[in-house]
Amino acid sequence: MLYSAGFEFEYALVSGTGTFHDFGDLDFAALQHALADGSGTTDEGLVRGDLGIKNGYWYLEGDERFDPNGVFTSMLVKGVEIRTPICSNTTEAADRLIDLQDDLSARLDPLGLRLGIVGFNPVREAYVLDPPLNEWEQRMRAEHREYDHAEVSNLSYGPDINLSFPELSAAEVVEVTRRLTYYSPFMVPFSFSSPFHAGRPWHGPSKRTYERTWRRVAARCFVGSPPAGAEPTMVHPPRIPREEGRIEFKAFDAFLSRDLLLAGAALTLGVCLADDLPGLADTPSRDLHQRAAMAAFADPEIAAGAREVLTAAHRALAAGSTMGAEAGHLDRLDQLLRAGRTPADSLLDAYSRTGLMYLSEGLR
């Protein structure tokens, strides 16, 4: 089946001396000025928003604040996001992401900043809105659910795996999104990269999944004519014509390397195509996600579910005449599952050697 792909990848910002930076000390105006006029500003396939921040292939990520009259004042910056243009396959999208990462790194270097990779802010105890939301902000956030749970989203980092299948109907796109939502707790351990909280190791490999995934959607899609009864937080109208039919898997932690990103994308693609996976859900399971976050493959049900989705993805990709490269990426996940390890174990190993709780070289 033909498909197109793209990645959105959130990075933390760190110094060359090992300091983790976030909304407590990042200057929105200075960063916005330094990163302005990047590549992609003329790409009509990008959703830009109405504040002028998402203008190009990279932009600042954080919590937007407004005055009592609804005028945008600033952003409490958690990091920066790169989004690729639409590509013909996941490998092309990964190559484009690396190119953009290198360009962005050159922009950040004069500021003494580097791109860091971790699934959850490793040093903050909590994100507290300061000042508290004013009445206008409270009304706006009640109407726009994408602002829900900023206390979690402004501490977490991760990729969105974007896939589109031109042969699928709107009803089939929604069904695939429901399948991803159901199998999310068995997919995400392959990405776990947030074993730290408040400056020390946490109780499991994914503080991000424990706090976030069941509060927010695991997957969503964009279709103009959704089937009756479609879950409104999962199914959205396209914001631009090219968004029609886009499926977005949002539950992974931040992948630590290019090969893991490609493996996670291949797993997502395989689950989308695996119509022999019967599970469907409209909302992500809190219980299963939190169990996965605490124990990963040491939980027998999570390990069995991971083996099920991985086997189904292998089978689905092997059946596609053009999916050979994608199928090969799954071997990396087979290795993790056999070893009972997640990428968080590699971060913990590095922490024991260096004291650092994140990667600071970007994807490689």
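Looking at (1) of a type outside the set (D, E, K, R); (2) over 30 Å from ARG242 (Cβ atoms); (3) crowded, with 21+ Cβ neighbours inside 10 Å, which is the only condition GLY16 fails?
All conditions are met except number (3).
Can you report the number of residues in region 141-164 which are open to solvent by 20 Å² or more (accessible area, probe 1.4 Å) and of a type in the set (A, V, I, L, M, F, W, C)?
The qualifying residues number 1.
For VAL188, all conditions in the list (1) open to solvent by less than 10 Å² (accessible area, probe 1.4 Å); (2) in contact with a Pro (Cβ under 8 Å, 6 or more places away or on another chain) hold save one; what is the number of the exception?
(2)
With the requirement that a residue be touching a Phe, Trp or Tyr at 6+ places or on another chain (Cβ under 6 Å) and open to solvent by less than 30 Å² (accessible area, probe 1.4 Å), what does region 19-57 give you?
GLY38, GLY40, ILE53
For the subset of region 264-280 comprising residues that are outside any helix (DSSP H, G or I) and either polar (S, T, N, Q) or open to solvent by 20 Å² or more (accessible area, probe 1.4 Å) (or both), which member is nearest to TYR210 (Cα to Cα)?
LEU280
With a cut-off of at least 1 residues that are among the hydrophobic types (A, V, I, L, M, F, W, C), touching a Gly at 6+ places or on another chain (Cβ under 6 Å) and over 22 Å from THR90 (Cβ atoms), name the helices (runs of 4 or more DSSP H) lying wholly within region 283-364.
Numbers: elements: 286-295, 300-318, 324-329, 331-339, 343-354.
Helices (runs of 4 or more DSSP H) meeting the threshold: 286-295.
Residues being under 29 Å from LEU129 (Cα atoms) and among the aromatic types (Phe, Trp, Tyr): count how many of those fall in region 148-172.
Matching residues across region 148-172 total 1.
Would you mind stating whether ASN55 is of a type outside the set (Asp, Glu) and at pLDDT below 95?
Yes.
Considering only residues that are of a type in the set (S, T, N, Q) and open to solvent by 40 Å² or more (accessible area, probe 1.4 Å), look in region 286-330 and name the one that is nearest to ARG215 (Cα to Cα).
The selected residue is THR311.
Could you figure out which of (1) modelled with pLDDT of 95 or more; (2) open to solvent by 40 Å² or more (accessible area, probe 1.4 Å); (3) assigned to a loop (DSSP other than H, G, I, E, B) isn't true of ARG220?
ARG220 satisfies every listed condition except (3).
If I filter region 122-139 for residues that are among the hydroxyl-bearing types (Ser, Thr, Tyr) and touching a Leu at 6+ places or on another chain (Cβ under 9 Å), do I get at least one hit?
So far as region 122-139 goes, yes, one or more of its residues are among the hydroxyl-bearing types (Ser, Thr, Tyr) and touching a Leu at 6+ places or on another chain (Cβ under 9 Å).
I need every pair where a residue in region 127-141 that is more than 16 Å from SER74 (Cα to Cα) has its Cβ under 6 Å from the Cβ of a residue that is of a type in the set (S, T, N, Q) and part of a loop (DSSP other than H, G, I, E, B), sequence separation at least 6 or different chains.
Within 6 Å, the pairs are TYR127/ASN154.
Can you tell me which residue among ILE86, ILE117 is of a type in the set (A, V, I, L, M, F, W, C), under 16 Å from the mean Cα position of the chain (by Cα) and surrounded by 15 or more Cβ atoms within 10 Å (Cβ to Cβ)?
Going through ILE86, ILE117 in turn, just one is of a type in the set (A, V, I, L, M, F, W, C), under 16 Å from the mean Cα position of the chain (by Cα) and surrounded by 15 or more Cβ atoms within 10 Å (Cβ to Cβ): ILE117.
For ARG179, all conditions in the list (1) in contact (Cβ under 8 Å) with a residue 40 or more places away in the chain; (2) touching a strand residue (DSSP E or B) at 6+ places or on another chain (Cβ under 8 Å) hold save one; what is the number of the exception?
The single condition ARG179 does not satisfy is (2).
Condition (residue is open to solvent by 40 Å² or more (accessible area, probe 1.4 Å) and closer than 22 Å to THR91 by Cα) applied to region 250-259: is it met by at least one residue?
Yes: region 250-259 contains one or more residues that are open to solvent by 40 Å² or more (accessible area, probe 1.4 Å) and closer than 22 Å to THR91 by Cα.
The values are calculated or read from the model by the stated rules, or taken from the named source; none is laboratory data. What you see is a predicted model, and the numbers here were worked out from it, not measured in a lab. Here the Cβ is made from the backbone with ideal geometry for all residues, glycine too, and neighbour counts use every protein chain on show. Side chains included, ligands, DNA and RNA excluded: accessible areas come from the protein's heavy atoms. Shrake-Rupley method; radii C 1.70, N 1.55, O 1.52, S 1.80 Å.
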